[in-house]
Structure formats: structure tokens, C-alpha cells
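Everything on this sheet refers to the single structure shown next.
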Amino acid sequence: GGMQRAWLREFNALGLQLRPQAAKLVTEFLSLYEDPTQMAETLVEYTKNYLRSRQGRVEAFIDADTIRSVLECMQQVSAAGSAGSTQEAARQGIEAMDLGDGIQIYDVTSEVAPFDYRTTTKEWAPALEPSTLFPGPDVKAKIYASRYHLLLQRTLLEGKYVIDEEASATGILPGQLILTKVESLQGNPGPKTTFGLLARVQSEGKRQWTIEDLHKVYPVELEVQESDHLMTDGSFVLAEGRLEGGKFLIKNLDLPGAVPRNMTLVKDLIPRQTFGGTLTDAQLKILEESEPGNPDGFYVVLSEVHLDSGRVLEKLTDLFQGYEESLPPTAYVFMGSFCSSPFVTTAEGIRSYRDGFERLKFMLRGLSNHIQSGTRFVFVPGPNDPGAQMLPHVALPEYLTSDLAKDVPNVVMGTNPCRLRHFSRELVFFRHDVLRLLRRHEVVPLREPDGGPASAAHARTEMVRFLLDQAHLVPLPLEQSNILWAYDHTLRLYPLPHAVFIGGVTQPFDTSYAECKFCSVGPFSREAEFYAFHPVKDLMESAACQTVQGEAAAERGTRTWRLR
């Protein structure tokens, strides 16, 4: 009796109340130990860890189910030896609960919470307003304000630029540059570098450029005629120039540069949960520490997988067979469109769309090695697929995909964009022809650094740089981008993920910028091209299916695709 009360006081002292059944379980468990008081302290600690890892907070009342889960976890690892190592292993076991095989796939419409940058405290905090499909008109202004704060504070991270009011208060170091806010240009003569949104507006019957921040807008005259960097209407820029007669004359334009992910996490202290999900920092650390022991996971990424095309289905058979007989991937990510012409809501249109998934279902069911390995099949909708063509695009419904997710294990109907965490590595998949649209909105013509016309290779590099510098998947004027205003945060790329895949109709290519892998996944329907990405090894491979006949096929088995 007395000892039991002493053990329960350990819980009470920390504000944890045990329900009667929970208290009974605790007493039975502790009576098995030589030093029950020390074990009671340990148990209290693990119970708190468990609650934090499951709910993000500690509940005051502890029920029997919670205690049972904690005890099960502790007993599983008690074989680890001494009390010290048991306690450490138990702590890790509790933290690792719910981590499964280390892969998390997020629905961006419900599992990616918005965070705001608070300028007064210089910290990131969960947004006060939840996202809604029908937000008020102020949300549109908030999109630009949020992007402005994100990019401005990222620009100031490295210490190269200092805001003018801070510079006048504390002075500047050698090599630092002063950044004048657009609202501070008035009455501030001479050449200035400013930061703001460059946009084309209709004014007095003609279109003209303006630069603006949260409190002021000025018409702009572009003295700069061309650039070796891509910049578009609706992008945030660093502009050098001077204010004359109420107009800002720009002689040089540049973009606020992307910052490598590690620097962002160290200097900006932005919560890792901005990427999606509710894993705690402790759980994310466990995932990171588990990576060296799990180096082999990889993803096969395809775009424009037309399930109404016999040729595409034939190539998919080759692809699946190759991996079925060697090593099945962690997941396939299929980006739409899943039909070669736009979906129509007639009985015939629905039947034909479902038929494609019915054929795919038949193929997937035959992949016993894949199913045994737990391979996931992730589907990201494209422009011809059902649903409103807004961003983010919701997941495809079960009915139209012929109940594929019910009938085949590990099928995930994802949103567009789709965010995926492989242990601690963050991957973004997006089906959009944004790369084809960017150059239609150029501020000034793109040129090579030596002034000649931009080559295809330079244009590609600049498009990637532009998206990552703007930290957004569709950094175009809102009128051109079909973004659901309250979900703009789901298209942001900050901190930079480890890899970004954009599926589209443009040529496939891959590159790296600011320590982020970028891949334009060409249409599988054209040349049966795809990419394989190994996140832990940080290795990107382009590949294509090809029909191999005769002796060559016999020599290579039936693996009829090749890595390039």
C-alpha cells in the first residue's frame, strides 16, 4: 500500500493523473523490479515522451490503453540488457512508434499546415487562420505579404544585405550592402537597391511595370534591356536604380538567391513540420539516424502515363517486369495525365477512364515481389484528369480509379503537388507545364552571360534557378496560376527540399542548384523515359524502356529497360 502510493506520487508530482485501471497496471509492472522507485521515474519519463510523440502534447489524465502501449514498448526492448540501455532503447522505441518503414506521403490539402513569419519576434509560428476553400478577399493580399516576408528574411540570412533602418542604427560591416524598402525610397535620393514585387498592371489604358512592397507602389521604367537571369511578371526582385519624378528607374535587376537547406535550418530555425505531417523533432531525428542502415530505397518517377494507350501499357509491363525480377523500388510515383485526351463526364468518358485503371490493376496484382516488398504506387493527377483544374489538385476519387486503392496493397492516391518524406529526406512531386509557361512572362529577354541569344541549356538552368530562388512551384501572377488562395503555402519550396520533380511535356533533364536536386520528368507516353532517384545516396538516374529482341534479350534476361 505505502510503496504503491509512493510510486503513484511520482506521476502526480508531474501533473499526471492515473485512471484506476492504469494505476493497477503500473503497480503490477513495478512490483516486478528490484528498484521499483527508480523504474517509476523512468516510466513517468517514457509516458510523457509517448504522449508527446503521439499527440504533440502531454495529457493530464492517463488511461489504461496509454499505459499498456508504453509498457509493451518497454518490454519489447527490455532484452537490450542493463537498465541504462533498456531505458535508452525504450525511449527510442517510443519515439519511433508510428514511423512505420520511414516513408510518409502527405496530402497537401489536409496535412501541410500553413506557418507565418512573425516579423516582430523573427520566428515562424503556425498560422492563426486554418486554410479554407472559400477564404475572404484579404487572403489574396496575404499570399503576397507571406511570400514577401519569406524571401526578404531569407535574403537577410547570409548577412550580405542589411535593411537601411538597421544600418543607420548599428552601422554596416565591410562588404555589406544596404537594402532600402520600397516604402523608404521617397525622400531618399541617389542610387538604391530595393526589394519588392515586380508586376505589370493596366494603368490609363496601357500596361506598365510597377514595383511594390507591403506599403508602397511605384511605377517603373526599365533601363535594363536584357538579362542572363530569367525574371517574370509577378516575381520578387532585387532592383538597383533611383527614384526620379515619382518613378523608379531600374538599371539592374536580379533575384534574391535561394539558400541551401542546411543554412536555412541552422540560421532561420524554421520548424521542420512546415513540410507536412505532425512528426516531432525527436522522431525526425530518429528517421535521420536510421538512414545509414537503409541506404537502398529508391523511387521510380514517371509522367504522362496514358492508361488508354496500348503502347504505354506495353512499356509499363516491361518496366514492372524489370524491377520484379531484380529489386522492386520503394515506390513508383506516376504523374498524370492518365488519359491522352481530357476527361469528360459522360457515361462513355467515365467508363473509358475507369478501364485504364482496370487494366493497370490487372498488371499490379501480378507483381508478387513488389507487393511482398511493400512497394507503394503513388498517383499524382495531371491536367487531363478529373477534378477542378485548381492548385493544389485533390486526389483522384476511388470510383473513377476503379477502386485501385482498395484492391491493390499500398496504392496511394496523392494530391498535386504531392509531398513525400523518405526518412528525413524531403521530396516534392508536381505535375504542371510551368517550365513551358515561364518564358511567356519574361520581364526582359533572357540572354547568355556573353550577351548572345539564350541556348536551350541556359534557359533550362535559368528556369530551375528561378523556381528555387522564388521558393515557389508556380511563381507567376495569381491570375495565371489557378492557385486556391488559402493553399498557396502548399506550393512553396522553403526550406528547399532535397529533390523536386516536375512532370510535364517538356524534354527530360536533371540538374542541381543550391544543393537541391531538380528533375524535369519528360512524358513516358512519348519515349517511355523515366527517372530513378535514390534519396539516401543522393543519386539521380535517367532511364528509358526499350524493346530488346533476339539474343540481346536472352543475354539480359527480360529486363527490357536501360539506365542512361
Exercise. Rounded to the nearest 0.05, what FRET efficiency do Q480 and Q21 have when you use their Cβ-Cβ distance and R0 = 51 Å?
Worked result: 0.25
For this session: Can you spot the lysines whose alpha carbon is less than 26 Å from K206's alpha carbon? Ignore those fewer than 8 places along the same chain.
Result: K140, K216, K247, K251
Exercise. When only Cα pairs under 8 Å and 6 or more residues apart are kept, what is the percent relative contact order across the range 347-500?
Worked result: 23
Problem set entry | Residue among A486, L367, V411 farthest towards the positive dipole end of the chain, charges placed on Cβ | A486
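Which length gain, in nm to one decimal place, applies between Q225 and R5 when the Cα-Cα distance is subtracted from 0.36 nm times their residue separation?
On the way: separation 220, 0.36 × 220 = 79.20 nm, distance 8.12 nm.
Difference between extended and current length: 71.1 nm.
Could you put L18, L539 in order of accessible surface area, largest first, with the 1.4 Å probe and the full protein assembly present?
My answer, sorted largest first, is L539, L18.
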For this session: Could you pull the Rg and Dmax for the range 107-216, using just the Cα atoms, both in Å?
Result: 17.1, 50
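Percent of alpha carbon pairs in the chain separated by more than 38 Å? The partial results should precede the final answer.
Details: 66560 of 158766 pairs.
Counting pairs separated by more than 38 Å, the tail of P(r) holds 42 percent.
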Exercise. Where nothing but the Cβ of Lys and Arg (+1) and of Asp and Glu (-1) is charged, how large is the charge dipole of the range 249-305 around its Cα centre, in debye to the nearest 20?
Worked result: 320
Exercise. Considering only protein heavy atoms, what is the solvent-accessible area of S309 at a probe of 1.4 Å, reported in Å² to the nearest 10?
Worked result: 30
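In debye, nearest 20: dipole of the chain around its Cα centre with unit charges on the Cβ of K, R (+) and D, E (-)?
On the way: 57 positive and 72 negative charges, 112 e Å.
For this selection, approximately 540 debye.
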For this session: About the Cα centre of the range 202-301, how large is the charge dipole given +1 on each Lys and Arg Cβ and -1 on each Asp and Glu Cβ? Please answer in debye to the nearest 20.
Result: 280
Exercise. How large is ³J(HN,Hα), in whole Hz, for each residue of the range 364-378 in order, when computed from phi with the Karplus curve 6.51 cos²θ - 1.76 cosθ + 1.60 and θ = phi - 60°, using x for Gly and Pro?
Worked result: 5, 4, x, 8, 5, 5, 4, 5, 5, 6, x, 4, 8, 10, 9
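In the range 361-422, which chymotrypsin sites (Phe, Trp or Tyr not before Pro) fall in coil by DSSP and have 12 or fewer other Cβ atoms within 10 Å?
Working: sites: F362, F377, F379, Y399; in loops: Y399.
Here the chymotrypsin sites (Phe, Trp or Tyr not before Pro) that fit, given the DSSP loop and packing criteria, are Y399.
Starting from the Kirkwood Rh over alpha-carbon pairs, what translational D in µm² s⁻¹ does the range 431-507 have by Stokes-Einstein at 4 °C and 1.567 mPa s?
Working: Rh = 13.7 Å.
Rounded, D is 95 µm²/s.
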Exercise. Do you know the relative contact order of the chain, to the nearest whole percent, from alpha carbon pairs under 8 angstrom that are 6+ apart?
Worked result: 15
For this session: Please name which of S542, P475, I62 has its Cα lying farthest along the dipole of the chain towards the positive end, using unit charges on Cβ (Lys, Arg +1; Asp, Glu -1) and the Cα centre as origin.
Result: P475
Seminar exercise, completed: The correct ranking of K406, K267, K361 by accessible area at 1.4 Å, largest first, is K406, K267, K361
For this session: Find which of P191, T120, V344 sits farthest along the positive direction of the dipole of the chain, computed with +1 on the beta-carbon of Lys and Arg, -1 on that of Asp and Glu, about the Cα centre.
Result: V344
Exercise. Taking amide hydrogens as modeled 1.01 Å from N in the peptide plane, which residues meet the under 5 Å criterion relative to I103, leaving out close sequence neighbours?
Worked result: F423
Exercise. Cα convex hull of the range 379-510: how many Å³ per residue?
Worked result: 135
Exercise. Taking the C-alpha atoms of the range 245-302, how large are the radius of gyration and the largest Cα-Cα span, Dmax, in Å?
Worked result: 19.8, 65
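The values are calculated or read from the model by the stated rules, or taken from the named source; none is laboratory data. Remember, predicted model here, so these are calculated numbers, not experimental data. Here Cβ is always computed from backbone atoms with ideal geometry, including for glycine, and neighbour counts include all displayed protein chains. Accessible surface areas use protein heavy atoms only, side chains included; no ligands, DNA or RNA. Shrake-Rupley method; radii C 1.70, N 1.55, O 1.52, S 1.80 Å.
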